[in-house]
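As structure tokens, the structure follows; a few thoughts come after it.
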Amino acid sequence: MSTSSPYSSDEPPRAEVDAMAGSTVIEFGANWCGICQAAQRTIGDALAAHAGAPLRHLKIEDGRGRPLGRSFGIKLWPTLVMLQDGREVARVERPGVTREIADALAALGGSRNG
């Protein structure tokens, strides 16, 4: 599961996100954000520990006027929102260590605690 891809400016509508089945991690950030860039290894390590579990990872560009981020109340980057069947079960803002993300991933049904 690669975290090296850029944040996408193409965001799904909130209704589509709410209807997603299974486990999803939405990572909100910006391509120019130094904190987001610095967190990529930590995020990648945590997601790699769950590579055997079905997990959708969306990297969404956030900022002023971006409706998906506003609908989740995103204020800090990067923020990872863990969803199970379209419902938020955990979130991590500006993760500093892999364990923070791993603990939040544990809230997802069917994921392994690595």
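The values are calculated or read from the model by the stated rules, or taken from the named source; none is laboratory data. As the structure is a prediction and not an experimental result, all values here were calculated from the model. Here Cβ is always computed from backbone atoms with ideal geometry, including for glycine, and neighbour counts include all displayed protein chains.
Cβ-Cβ under 7 Å, sequence separation 6+ or interchain: first residue in the range 74-99 and at pLDDT 95 or above, partner of a type in the set (K, R). Which pairs? Taking only residues 6 or more apart or on different chains, the pairs are L76/R94; P78/R94; T79/R91; L80/R91; V81/R91; M82/R91.
Can you pull out the residues in the range 28-38 that are more than 26 Å from P13 (Cβ to Cβ) and in contact (Cβ under 8 Å) with a residue 12 or more places away in the chain? The answer is I35, and nothing else. Within the range 1-33, being among the acidic types (D, E) and within 19 Å of I43 (Cβ to Cβ) holds for E11, E27.
Of the residues making up the range 9-22, just one is in contact with a helix residue (DSSP H, G or I) (Cβ under 8 Å, 6 or more places away or on another chain) and either of a type in the set (A, V, I, L, M, F, W, C) or farther than 18 Å from R70 by Cα (or both), namely V17.
Quick one: which residue in A102, A107 is assigned to a loop (DSSP other than H, G, I, E, B) and either in contact (Cβ under 8 Å) with a residue 60 or more places away in the chain or more than 19 Å from D10 (Cα to Cα) (or both)? Please lay out each step first, then the result.
On the way: A102 fails: assigned to a loop (DSSP other than H, G, I, E, B).
Result: A107 is the single residue among A102, A107 that is assigned to a loop (DSSP other than H, G, I, E, B) and either in contact (Cβ under 8 Å) with a residue 60 or more places away in the chain or more than 19 Å from D10 (Cα to Cα) (or both).
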